Amino acid sequence: MCTVILLRGVVRGLPLVLAMNRDEFLDRPSAGPRLWPGSPPLVAPVDLRSGGTWCGLSASGLLVAVTNRGPERDAGKRSRGSLVVDLLQGGRAEAGKRLAAEGYAGQFNGFHALVADAAKAFLAEFDDAGLRLAEIDAPVTILTNGGPTPDIRQLLNEVDEKGTGTWPETEAWLAALLRRHDLPTCRHLDDRGTRSSIVFALPGGGTLGGKLLFADGPPCTTPYVDQSVLVEALRGPKWTA
Ligand SMILES: [Zn+2]
């Protein structure tokens, strides 16, 4: 189970924050965030088995995170990792249109897709019952592979109580939250568990001054490394017309 936390308008100066613990099989290879050249260029970690990703940022300031919804029932379908890359190709509205297009969501096994920019955010859920798109109004959204559980409610309460203030405070608080075993956001099972943790924090209206932290292992034992230079690189002269 993955855990995604979206904070909108909660942190002073950084109104869009997306944090994600990625839970995966221990033997599935991956690599940390990198710049994906293209139009638009993206910053995202890499799932080395499928070539896709689980969470990324585009140069336009769009963030997308995807979690599984239910098991992989049909191995012949497209990897859900490529869904993130598809949705980051345009703006938020284009992502919504793409998801709603006839036959698109059915190319994948069940998923949740969280799509957010500085202005708005929405959640897409796809399963046997079809696709549901819902705009997100709440300042705090928690997403896992399943529906709300008591753990998630407790998590929400913690965010409501402590998740406000300036970035240094929020950064420390978020990192502490993401490495917890009691909620549990950091998980350790026999053959799977939390493999990495990523945090994007963006100012309104773009990526200038945006922050990226990445822990290339379970955050309970792996320190977060500041990789904001990758967000900065999205604005490089090479990418701006
Ligand atoms: Zn842990």
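What follows is calculated from the coordinates using simple rules that are stated; it is not laboratory data. Computed from a predicted model, the values in this text were never measured in an experiment. Cβ sites come from the backbone with ideal geometry, for glycine too, and all protein chains shown count toward neighbours.
With R₀ fixed at 41 Å, the C-beta to C-beta distance from LEU208 to ASP128 puts the FRET efficiency at about 0.45.
Rounded if a/c is under 1.5, else prolate if a/b beats b/c, else oblate: with a ≥ b ≥ c from the C-alpha gyration tensor eigenvalues square-rooted, which is segment 169-237? Cα axes put segment 169-237 in the prolate bin. Eigen-decomposition of the gyration tensor built on the alpha-carbon atoms of the chain gives equivalent ellipsoid semi-axes of 23, 22, 18 angstrom, largest listed first. Over segment 3-233, what relative contact order in percent results from Cα pairs under 8 Å that are six or more residues apart? After rounding, I find 24 percent. Highest GNM mean-square fluctuation among CYS186, CYS55, CYS220, for the chain modelled with Cα contacts below 10 Å: CYS220. Note on the chain: Lys pairs 8 or more places apart or on different chains, Cα atoms under 26 Å apart, count 6. Taking amide H atoms as placed 1.01 Å from N in the peptide plane, the amide H of ASP23 lies under 5 Å from those of CYS2, THR3, ARG195, each 5 or more residues away in sequence or on another chain.
Within the listed set ASN157, ASN109, ASN145, the Gaussian network model of the chain (springs between alpha-carbon atoms below 10 Å) gives the highest mean-square fluctuation for ASN157. If eta is 1.567 mPa s and T is 4 °C, what Stokes-Einstein diffusion coefficient results for segment 27-166, Kirkwood Rh from Cα pairs, in µm²/s? Estimated via Stokes-Einstein, D reaches 81 µm²/s. Residue separation of ARG49 and LYS97 scaled by 0.36 nm, minus their Cα-Cα distance, works out to 14.5 nm of gained length.
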